[in-house]
1. Which residue, chosen from Gly124, Leu109, Cys162, occupies the Cα position most advanced towards the positive end of the dipole of region 39-259, where the dipole is computed from +1 (Lys, Arg) and -1 (Asp, Glu) charges on Cβ about the Cα centre?
2. In whole Å, what three semi-axes, largest first, describe the equivalent ellipsoid of region 122-178 built from its Cα gyration tensor (square root of 5 times each eigenvalue)?
3. Using the per-residue mean of other Cβ atoms lying within 10 Å as a proxy for protection, in what order, highest first, do the peptides 99-109, 28-38 fall?
4. Carbon and sulfur: what percent of region 16-172's accessible surface (1.4 Å probe)?
5. Report the charge-dipole magnitude of the chain in Debye, nearest 20, computed about the Cα centre from +1 at each Lys and Arg Cβ and -1 at each Asp and Glu Cβ.
6. If you roll a 1.4 Å probe over the heavy atoms of the protein chains, what accessible area per residue do you get for the chain, in Å²?
7. Whole Å is fine, so just give me how far the alpha carbon centre of region 131-156 lies from that of region 31-76.
8. When ranked by the protection proxy of mean other Cβ atoms within 10 Å per residue, highest first, what sequence do the peptides 207-217, 157-167, 234-244 form?
Amino acid sequence: MAPSLGRAPDLVGRRVGKAADETGLLFVTLLEGLRRTWDFRTWWGEFVEQCWFIARVTSVPVLLIAIPLGATISLQAGDIARQLGAQSGTGALVVANMITQVAPLASALLISGAGGSAITSDMGARHIRDELAAMEVMGINPLHRLVTPRLWAASTVAVLLCSVVILSGTAGGYYFNVVQQGVSPGAFFDGATSLLQLSDLMVTLFKAWIFGFIAAAVACYAGMNCALGPVGVGRAVNKAVVTTSILVFTANYVITMLYQVLVPPRF
C-alpha cells in the first residue's frame, strides 16, 4: 500500500505535465496555422472547399436544433411570464437568450460535432498514411497548407450558422408565443428590442467566430497527433469533440463575463 501511495503524486504530476504539453501544442497548432494567413493564394481553394463541406453537413442539423430550441424557450418563458402577469415580455426573453447564449454555443457544437469530427478523421487518415510526413519532406508545411484553410473555414461558417440559429430560433419562438399563446406580434418584437443592443449581436458573432477557430484547431491537432490505426483515429475524434466542448463553454463564460463588465446590460 505504501509504495502505491508514494507513486500517486508522480502519476498526478505526469498527467498534469502531459496535459500542459498538449495544451501548448494545441496553441502552437493554432498560432502556426494563423501565421501564414496573409499568403491566401496557397490556401484559398482549400478554404472554399472546406466552407462548402462544413456548411453542407451542418445546415440541416442547425435548423432541426434551432427551431425546437426557440420553441422550448418560448414555452417555458411564456408559462412563467403568464404566471407573473408579464406575458408580453416573453419575446424579450426568447430573443435575448437566442442571441446572447444559445446561438453561438449551438453553432460551435455543430461545427465540432459534424465538421470537426470529419476534419479530425481526415487529418488522422493523412497521419496514418504518412501524408503529413511526405509533405514535410517535400518542403511543404502541413500546418500552413491544411490547418490554415480549415481554421478560417470553420470560423466563417460558424458566424453564418450563428445567424441561422438566431433567425430560425426566433421564428420558432414567435410561432409558439404569438400563434399558440396569443401574444401580439408587436409586443413580442417590442419586448425583444427593449433588452438588446447592437453590441450584443456583435459580441455574439465574435464569440461564434472564436468558437469556430477553437473547434478547427482542436480537430486538426487531434487528427495530426492521433495514434496509428483506425482505433487511434476514433479516439482522436472523441477526444476532439469533448475537448472542444470544454474549451467553448469556458471561452463563452470568459467572454460573457468581460462583456457584461465592460458594457452594462440595458434595462
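The values are calculated or read from the model by the stated rules, or taken from the named source; none is laboratory data. A quick note: this is a predicted structure, and the numbers were derived from the prediction, not measured. As a convention, Cβ positions derive from the backbone with ideal geometry for all residues, glycine included, and neighbour counts pool all protein chains shown. Ligands, DNA and RNA are excluded from the accessible area calculation, which covers all protein heavy atoms including side chains. Shrake-Rupley method; radii C 1.70, N 1.55, O 1.52, S 1.80 Å.
1. Selected residue: Gly124.
2. 42, 12, 4
3. Those peptides, ordered most packed to least, come out 99-109, 28-38.
4. C and S atoms contribute 69 percent here.
5. 320 debye
6. 52 Å²
7. 18 Å
8. 207-217, 157-167, 234-244
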